[in-house]
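The values are calculated or read from the model by the stated rules, or taken from the named source; none is laboratory data. Every value quoted in this text rests on a predicted model; they were computed, and no experiment measured them. Note that each Cβ is placed from the backbone with ideal geometry, even for glycine, and that neighbours are counted across all protein chains shown. Just the protein is used for accessible areas: all its heavy atoms, side chains included, with ligands, DNA and RNA removed. Shrake-Rupley method; radii C 1.70, N 1.55, O 1.52, S 1.80 Å.
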Amino acid sequence: MSWQAYVDTNLVGSGKVTKAVILGQQGGVWASSSGYVLSPEEQKAVLNAFKSHEAVLASGLRLAGQKYFALQANERSVYLKKQADGVVIVKTKQAVLVGVYEAPIQAAEATTVVEGLADYLISVGY
């Protein structure tokens, strides 16, 4: 399956993620939702969030020009929120999944989808 298919089918296609992007841990966008663009600085900030949990918890992240506050950050996942919307970011062995959800989708629904795809990718070596 192509990386774009993971975005289109597994993430956005689930109906529980509004927009998504898959980044390579070494940098670069592997796939993204149409019109959802992270600047190079935003991509770097996502990757750095896993290296400095305290920094992301203190200042949040800006994604596609939108500022989000961090609810949780650890070596695997970062959860962000902005009013009723939010972002689930999960690191696999080689990639970082970014799934955005917008109301009325609930955080738990989007988290299950993004974390589930991450588990699958880890199980097959990605």
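Restricting attention to the range 89-106, the residues being open to solvent by less than 40 Å² (accessible area, probe 1.4 Å), in contact (Cβ under 8 Å) with a residue 40 or more places away in the chain and in a strand (DSSP E or B) number 8. Summed over the range 92-116, the residues that are more than 20 Å from Arg62 (Cα to Cα), of a type in the set (A, V, I, L, M) and in contact with a Ser or Thr (Cβ under 9 Å, 6 or more places away or on another chain) give a count of 2. Looking only at residues in the range 111-126 that are in contact with a Lys or Arg (Cβ under 9 Å, 6 or more places away or on another chain) and outside any helix (DSSP H, G or I), the one that is most open to solvent (accessible area, probe 1.4 Å) is Tyr126.
When the range 36-51 is examined, which residues are found to be surrounded by 13 or more Cβ atoms within 10 Å (Cβ to Cβ) and not charged (D, E, K, R)?
Tyr36, Val37, Leu38, Gln43, Ala45, Val46, Leu47, Ala49, Phe50
Count of the range 1-49 residues, restricted to those that are in contact (Cβ under 8 Å) with a residue 40 or more places away in the chain, farther than 13 Å from Gly99 by Cα and small (Gly, Ala, Ser), is 2. Restricting attention to the range 82-114, the residues being over 17 Å from Ala70 (Cβ atoms) and in contact with a helix residue (DSSP H, G or I) (Cβ under 7 Å, 6 or more places away or on another chain) number 4. The criterion of being under 25 Å from Ser123 (Cα atoms) and either among the aromatic types (Phe, Trp, Tyr) or out of contact with any Gly (no Cβ under 9 Å at 6 or more places or on another chain) (or both) does not hold for Gln94. Among the residues of the range 1-35, those identified as surrounded by 15 or more Cβ atoms within 10 Å (Cβ to Cβ) and either aliphatic (A, V, I, L, M) or closer than 20 Å to Ala70 by Cβ (or both) are Val7, Leu11, Val12, Val17, Thr18, Lys19, Ala20, Val21, Ile22, Leu23, Val29, Ala31.
Residues that are open to solvent by 10 Å² or more (accessible area, probe 1.4 Å), in contact with a Leu (Cβ under 9 Å, 6 or more places away or on another chain) and closer than 26 Å to Ser123 by Cα: does the range 54-74 have at least one? So far as the range 54-74 goes, yes, one or more of its residues are open to solvent by 10 Å² or more (accessible area, probe 1.4 Å), in contact with a Leu (Cβ under 9 Å, 6 or more places away or on another chain) and closer than 26 Å to Ser123 by Cα.
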